[in-house]
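Notes for the one structure printed next.
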Amino acid sequence: MFPSTLSWTFTVVFTLTGVYSLVRLTELASGMDRTGSRLTELSHLLMALAMIAMAWGWTGEPAAATGVLQILVFGLFGIWALARLTVPEGGHSRATEGYHLVANAAMVWMVAAMPLIMPSAPSAPVATHHEMAGMGAMPMPGSEAAPAASTPTWVVAVTVAFAVLVLAGAALWASRIVRPVGPGCCADGTPEIASGGSVAVAVAPARTRSTSGRLDACCHVLMSVGMAGTLLAML
C-alpha cells in the first residue's frame with residue numbers, strides 16, 4: 001500500500017500510541033486512574049491497530065470483512081463522540097469530543113473511500129501461448145497496461161479536509177503540552193466535576209496530574225500527525 005519506509009514509520013508511530021493507550025486503558029479499568037474515559041482509550045488503541053494494519057495493506061478494502069468491521073466499530077465510536085459533543089458530560093470539553101469525532105470519522109472515511117482514493121489499474125489482456133508464438137516480436141495491441149483511474153477531485157478534497165482537521169487537532173493538543181494543568185483536571189485539561197455539580201478535589205498531586213496531562217497530549221499529537229500523514233500518503 002505504501003513504500004516500506006512509510007509503512008515502518010507509521011508502524012513505529014502507532015505502536016507508540018497504541019502502547020500508551022493500552023497502559024491508560026489498564027489504569028482506568030483497574031481504578032488506578034480516574035482522569036479519562038475507558039471507551040476513549042479503547043478507541044485510540046483500536047485506531048492504532050487499524051492504522052498499522054492499513055500501513056501494510058492488511059486491511060482497508062470496504063468490501064472485505066475487516067473493512068466492514070472497521071467502518072462499524074469506528075462509526076459507533078463516532079456516534080458516541082457526537083453524543084458527548086452534543087450533551088457534554090462534566091469534566092469533558094467540546095473541543096476534545098470534537099477531535100474524537102473527527103478522528104473516528106477519518107477512520108471510517110479511509111476505508112469507505114479506499115477504492116476511490118487508491119484505484120487499481122485495470123489488468124492488461126494476456127496473450128495465449130499460441131498467440132505469442134505466432135506474433136513473434138511484433139507489438140500486440142492492448143498489451144500495454146492501461147493507466148490507473150484518477151482519484152475524483154471531491155474525494156481528494158474530502159481527504160485533504162480530514163487531514164487539515166486532524167492537524168488542527170494536533171495543534172490543539174500541542175498547546176496543552178506547554179499549558180499548565182493544575183489539580184482537579186482531567187488529562188484533557190478540563191476540571192473534574194463531582195456528581196453534585198461542584199468541582200472535585202484532586203486526590204493525586206498536581207505534579208502527577210500535570211505530567212499525565214502532558215503525556216496524554218503528546219500521544220494525541222503523535223497520533224494526529226500519523227493519521228494526517230496516512231491520509232495524505234493515500235493520495
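The values are calculated or read from the model by the stated rules, or taken from the named source; none is laboratory data. Values in this document were obtained by computation on a predicted structure and should not be read as measured data. Note that each Cβ is placed from the backbone with ideal geometry, even for glycine, and that neighbours are counted across all protein chains shown.
Considering each residue of region 28-56, count those that are assigned to a helix (DSSP H, G or I), over 20 Å from Y99 (Cβ atoms) and over 17 Å from the mean Cα position of the chain (by Cα), and give that number. Result for region 28-56: 2. Filtering region 1-29 to residues that are out of contact with any Lys or Arg (no Cβ under 8 Å at 6 or more places or on another chain), small (G, A, S) and more than 14 Å from L46 (Cα to Cα) leaves S4, S7. Here is the figure for region 85-114: residues that are modelled with pLDDT under 90 and closer than 29 Å to A64 by Cα total 0.
Taking first residues from region 93-116 that are of a type in the set (D, E, K, R) and partners that are assigned to a helix (DSSP H, G or I), the Cβ contacts under 7 Å between residues at least 6 apart in sequence or on separate chains come to R94/L85; E97/A81; E97/R84; E97/L85. Scanning region 12-27 for residues that are under 21 Å from G78 (Cβ atoms) and either of a type in the set (V, I, T) or not in a helix (DSSP H, G or I) (or both) yields one hit, T17.
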